[in-house]
Amino acid sequence: MRRHEVTDQWHGRRPEAALMTIGAFARLSRLSAKALRRYDELGLLEPVLVDPVNGYRYYDPAQARTARLVAWLRRIGMPLARITEVIALDDGAAAAAIRTYWARVEAETAARRDLAAFLIDQLSTEEAMTQVGTLGIRYAARTETGAVRETNQDAAYAGARLLAVADGFGAGGARASTAAIEALKPVARGAVPAAELLNLLHDAAEQAARAVRDAVAGSDGSGTPDESGTTLTALMWTGAQLGLVHIGDSRAYLLRDGELFRITHDHSLVQSMIDDGSLTEEEAASHPQRALLLKVLGGGGPAGSGPDLDVRDARPDDRYLLCSDGLSAVVAGTELARVLAAADGPGTAVRELLALAAAAGAPDNVACAVADVVAL
């Protein structure tokens with residue numbers, strides 16, 4: 001019931017007979033009068049009547065349920081704009097929206113926890129701040145067009161300091177994926193002290209984003225950024241640790257002690273649905289919107305916040321795989337693990353992984369890069 005409708009209904013009568021003052025409603029709803037006034041200004045929780053003479057606000061007791069929901073949603077940290085959307089939904093849809101929001105909070109919190117642990121470790125001992133490391137990497141990378149696509153918009157790179165894959169889309173997709181990786185190469189040229197790795201990753205991510213925006217500007221002939229963009233998953237090697245930059249649905253895996261771990265989280269619609277429990281992994285594989293991304297590098301389209309950043313300790317005999325969804329979408333994780341565990345080196349692993357994608361029909365471009373951590 002909107003405020004102006006009730007103003008007409010209560011014209012000439014004492015509203016206190018059926019409505020509550022802001023003070024009484026604040027006690028009932030467990031929101032302060034100050035918060036209620038603020039939510040009224042934002043259009044989040046409006047009183048049903050404002051006295052035209054003295055400006056007093058009056059609330060219907062039936063609004064208490066919504067007010068309490070607002071209070072609890074604020075307690076879990078939900079932004080006001082998101083709360084406005086949630087309280088407009090029916091109970092089932094609101095529950096699903098809250099579940100989706102909290103799954104995303106937990107994923108972001110896990111990433112921040114890892115970064116916090118890294119910072120604590122670096123600041124705890126003087127030795128850790130200057131660690132250079134005694135490990136090296138062997139590497140290989142390759143990309144193929146696939147059996148269906150006419151052009152290849154994927155890009156892959158492997159070098160002594162950098163491993164990267166990018167999956168472009170749109171008219172300027174090929175330029176976008178190439179630009180993202182090229183922007184990382186100068187950043188990853190020299191040895192980096194462990195304490196500076198986070199700063200390096202942040203700068204690298206910003207440079208990649210700028211490079212992609214410049215690359216796709218005018219891809220549609222208009223001179224302005226279009227819907228082109230790219231995913232990006234990259235590992236930067238410091239000599240003792242690996243810095244991870246990730247956005248989109250390309251992936252990074254770690255094979256350690258014979259077990260394969262996925263170390264990135266897809267920024268896609270279906271992954272968000274898996275996170276909130278509304279979709280299973282099996283259902284996601286055939287979902288009609290499985291290609292819809294929530295975060296990308298690009299000049300337009302579905303862009304969210306920046307890439308995920310992480311720091312990982314390396315161990316001898318670790319094997320890392322970076323790949324576009326042209327591989328991960330058509331080859332099961334068990335097969336990835338089998339090939340990675342059996343291959344005698346990164347070059348062999350890359351060739352056999354691309355062969356698996358081809359055997360599965362290769363409906364998309366495929367890019368992969370593999371690196372082995374070795375003791376020097």
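Rule-based calculations on the coordinates, nothing more; no lab input. What you see is a predicted model; the values in this text were computed from it and never measured. Cβ atoms come from the backbone with ideal geometry, glycine included; neighbour counts cover every protein chain shown.
Structural remarks
- Summary of the geometry: the stretch 274-348 and the stretch 64-95, compared by the centres of their Cα atoms, lie 33 Å apart.
- Separation of the Ala342 and Gln207 label points, Cα + 7 Å toward Cβ, nm: 4.0 nm
- Among Thr21, Thr238, a tally of other beta-carbon atoms within 10 Å of each Cβ gives an order, fewest to most, of Thr21, Thr238.
- Mean Cβ count within 10 Å, highest first, over the residues of peptides 169-179, 283-293: 169-179, 283-293
- Per-residue Cβ neighbour rank within 10 angstrom, fewest leading, Lys295, Lys185, Lys34: Lys34, Lys185, Lys295
- Label-point separation in nm, His287 to Arg68, each point 7 Å along Cα→Cβ: 3.3 nm
- Inter-label distance, nm, simple model (7 Å from Cα along the C-beta direction), Ala116/Leu376: 3.4 nm
- Förster-model FRET efficiency, 30 Å R0, Val53 and Thr84, C-beta, rounded to 0.05: 0.50
- Under the criterion of Cα pairs below 8 Å and six or more residues apart, the relative contact order for the stretch 133-375 equals 28 percent.
- The length gained on full extension between Asp313 and Arg104, counted as 0.36 nm times the residue separation minus their Cα-Cα distance, comes to 72.7 nm.
- The order of Thr109, Thr231, going from fewest to most other C-beta atoms within 10 Å of their C-beta, is Thr109, Thr231.
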